[in-house]
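See structure below.
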Amino acid sequence: MTTLSKKQLHRLAGVAFCAWLAFTGSPAAFGQAENLLESAAEAAQNLQIESNETSFDETLGIAKATGNVRIRYGEVVIEAEQAEYHQSSGKVFARDNVRVFKDGSIFTGQEIIYDTNTGDMTSSDLRSALAPLFYEAADLSVPKEGSEKISMGESYFTTHDSSNPNFRIRAKSMDIYPGDRVVMKGVKFYTGDTPIFWFPYLSQPLDDELGYYFVPGFSTPWGAFLLNQYGFMLGDHTLAQAHLDYRSERGLAGGIEFKSQRYRGNPNFGRLNLYYASDDDPQSAYSGRTRTEPIDSDRYRINFQHRVYLPGPDKSTLYLDIDINKLSDQFMYEDFFPAEYRTDPQPDNILNLVKTNPWGTVSLLGRFQLNDFFDTDERLELAVDFTRTPLSDTGFFYDGFTTAGILSENVGDTRRRALLNSRDELQAQLLDLENGVLTVRNGQLVDADGNVVDENYNAEHRQSVVSEIERLLEPRGYGRFETYHEVLYPISIGNALTVVPRVGGGYSNYSDIDNPGIDSFDRTIGHAGVDTSMKFSKKYGDVQNETLGIDGIIHVFQPYLNYSYVSTDEIGSRFTPIDRLTPTTRLRPLDLPMFTATDGINDWQIARIGMSNRFLTRRNGGTHNWLSFNTYFENYIEDPEFNRDFSNLFNEIAWSPLPWLSARVDSQLPVFGEEVDFTENTSSLNFMPTEWFQFSVGHYYLEDHPFFRDSNLMSFGTYTRLSDQWGLSTVHRFEADDNTLEIQQYQIHRDLSSWTASLGAIVRDNRRGEDEYGILLSLTLKAFPKITVPLDLEPGGVQ
């Protein structure tokens, strides 16, 4: 292999300089010649040529290379069988199996010209990729990095990474705007070698959220439906997505959604969603039941989530978070957006002004009732939250918060009407009983004709229910000032024992209470606790089992004990708290700053006792959690909620031995025989026993919980690869508690290499409503998450 020396390249530069002077013969040429000489010298300095045979012509200023040619100029590398470098023009002429590595891309062709002065590249036969596109051009010009457009003549592109793609698009001419779009003229779509579509003009966005996206299908609540979306950019930072949807059972609907690309990937900010539906059947629920309460056919949603940095557009430590959600009625999400309804059935409305500091945050939160049909607590609350901060070099840490606000709770219109109807019905029965219209016989309430109105009549219970309803209908609100502060002192004893004692105190004041019988009152709280844990580990480096994915074992054992003591003033039973405890199957937090139900804090003494075991192994150059289990329970010296001595025994087990096998079990069992002794178990298994079959099993079991109904829910999912192109999947969900097969789903899949087609059916048992039936049809382009075609097919339609 021969290489041109720097001396030879400098000589080429000198030849070019003399040729320029001889050609121009004018004094003005000297200035241009000096610039040319500088460019030529720089190119000569940076150009490296390697090949089997290299020669240069000093008279013409041309370097020639043949056989395994490799030319490097800066970050650009050119490989070919033959190449020439012309010093006078700064161009490299490469021929035969040419490959150019430039700006992270690879360009291939039989003949490519590269200009070292401008970075432009031209070719009469070139192939390359610009993710996610692979393209081939008969006549192409690639400008230098940062240019806005790559132009080419007759060409084709595909997203199928194959030498024989299943689909492709051929165009008479094509312009690629990197990061934006591809514009083509005279376009033909091919499946294999068969043309299926022709367009005179086409603009294909490179962003998968742009362009046209559609979902056809059929379901019982919607009937036959076609959901259409078209995405386009407004300026440089706003993505707009227009929707036009048709549901045969409900009619036409549509809207537009705006998303700020500055917050791309964050659904909580930079989003405005406007959607309207003219509902042909608003009285039919998604479950199939018929609603008795009238719903207007004009239905809509308005959602606005954004973060505004103050005082300007750049990020700062002062910002306003906006979360506004206005709905036409309480069933809008359920009927038109069931996926959102399952995760957020009652969207909030919040304005929150936040100032961040190194020591914590200061915020002013406003929550308000924009949708009158939902139960909502409204508040205006100023909060100062301190992060856990070291106190100088003392070893102590400080944590705490202070809040002051006005709170109120409003019963939604729907629930208010239901409560009023129940109260009026009960009061009417009591009045009829007083007037002799109804009588009590053998514990039954009967009318004058002897018909039983209530089989188990209890006058005191009826009156208590009426009193409770009236209490719920009364306005509830108050002003609250609250402050809490604690200090911690972590202690490490040796390498095994960690002790973190903490002590704290707080004060609360409740005023302007919306209850004539309750005056303002104060409340104090004292808290003391300690978190202790020990850590032991042992290595078993000689334990090897390839079948179970074991490459050495480290066993980490951590017993722990967390103790918490709280003493506070009782809140009278006539006072209705707003930030109160809600039913749950999980344990409450022991760390007071993490306890959000501040109005529901009572005296307690609790010790949480447990032990954690982890078995770690080597995997892919790092540490992998092969098996872990955490076992714990609480001992109630003083129970704040029930009259218990112990909680359930909790076990959290996770096993992930292999990429195709994993299992998890989270359970709690009433092993201590308490009065509140419910059982809960959540388990899952994912297994792929062969390369053609995989399945997943899930199970949720709940029994004897004081607030939640029993459940014995099992779910099964399978995927069977019938061949390289065909597959079959199934999903079942069965509630054994009432013998209901809630969901059946069957799909057959066809792999078209670059596309995946699926056709299937779903049956959903809605118990109290009509059963739901649906047809599942999908056609997915693997390289593009969504199918896109142009909205404007006229020339000049896309600028």
Between rounded, prolate and oblate, where does the range 649-751 land on the alpha carbon gyration tensor, with a ≥ b ≥ c its root eigenvalues, rounded for a/c under 1.5, else prolate if a/b exceeds b/c? oblate
Can you tell me the relative contact order of the range 579-684? Whole percent, Cα pairs under 8 Å, sequence separation 6 or more. 19 percent
Going by amide H atoms built from the backbone, whose H comes under 5 Å of the H on residue 646, apart from near neighbours? 636
For the range 304-364 versus the range 594-639, the gap between their alpha-carbon centres in whole angstrom: 32 Å
Residue 439 versus residue 503, label points 7 Å from Cα toward the beta carbon: distance in nm? 7.2 nm
Residue by residue, what Karplus-based ³J(HN,Hα) values in Hz, rounded to whole numbers, does the range 714-719 have, using 6.51, -1.76 and 1.60 with θ = phi - 60° and x for Gly and Pro? 10, 10, 9, x, 9, 9
Taking 60 Å as R0, compute the FRET efficiency from the Cβ-Cβ separation of residue 77 and residue 597 and round it to 0.05. 0.40
Multiply the residue gap between residue 212 and residue 189 by 0.36 nm, knock off their C-alpha separation, and tell me the result in nm, one decimal place. 6.6 nm
Can you give the net charge of the other residues whose Cβ lies under 10 Å from the Cβ of residue 702, counting K and R as +1 and D and E as -1? -4
At what distance in nm do the modelled label points of residue 454 and residue 256 sit from each other, each positioned 7 Å from its Cα along Cα→Cβ? 5.7 nm
Residue 473 neighbourhood, Cβ < 14 Å, K/R = +1, D/E = -1, net charge -2
Defining a contact as two alpha carbons under 8 Å apart and six or more residues distant in sequence, what relative contact order in percent does the range 664-737 show? 23 percent
Given unit charges at Cβ for Lys, Arg (+) and Asp, Glu (-), the dipole magnitude of the range 218-355 about its Cα centre in debye, nearest 20, is 580 debye
For residue 291 and residue 581 in one chain, what is 0.36 nm times their gap in residues minus the Cα-Cα distance, to one decimal in nm? 101.2 nm
If you plug each phi of the range 474-480 into the Karplus form 6.51 cos²θ - 1.76 cosθ + 1.60 with θ = phi - 60°, what whole-Hz ³J(HN,Hα) values come out, in order, with x for Gly and Pro? 5, x, 10, x, 5, x, 9
In the structure shown, do any of 185/259; 326/355; 355/535; 185/315; 259/355; 64/185 have a Cα-Cα gap over 32 Å, and if so which? 355/535; 185/315; 64/185
Reduced to Cα centres, the span from the range 425-441 to the range 674-700 in Å works out to 53 Å
Tell me, in nm to one decimal, what length is gained between residue 177 and residue 519 on full extension, where the rule is 0.36 nm per residue of separation less the Cα-Cα distance? 116.1 nm
Per-residue counts of other Cβ atoms within 10 Å, averaged by peptide: what ranking do you get for 224-234, 467-477, highest first? 224-234, 467-477
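None of the figures in this text is laboratory data; all of them are computed from the coordinates on show. Everything quoted here is computed from the prediction, not taken from an experiment. Virtual Cβ from ideal backbone geometry, glycine too; neighbours counted across all protein chains shown.
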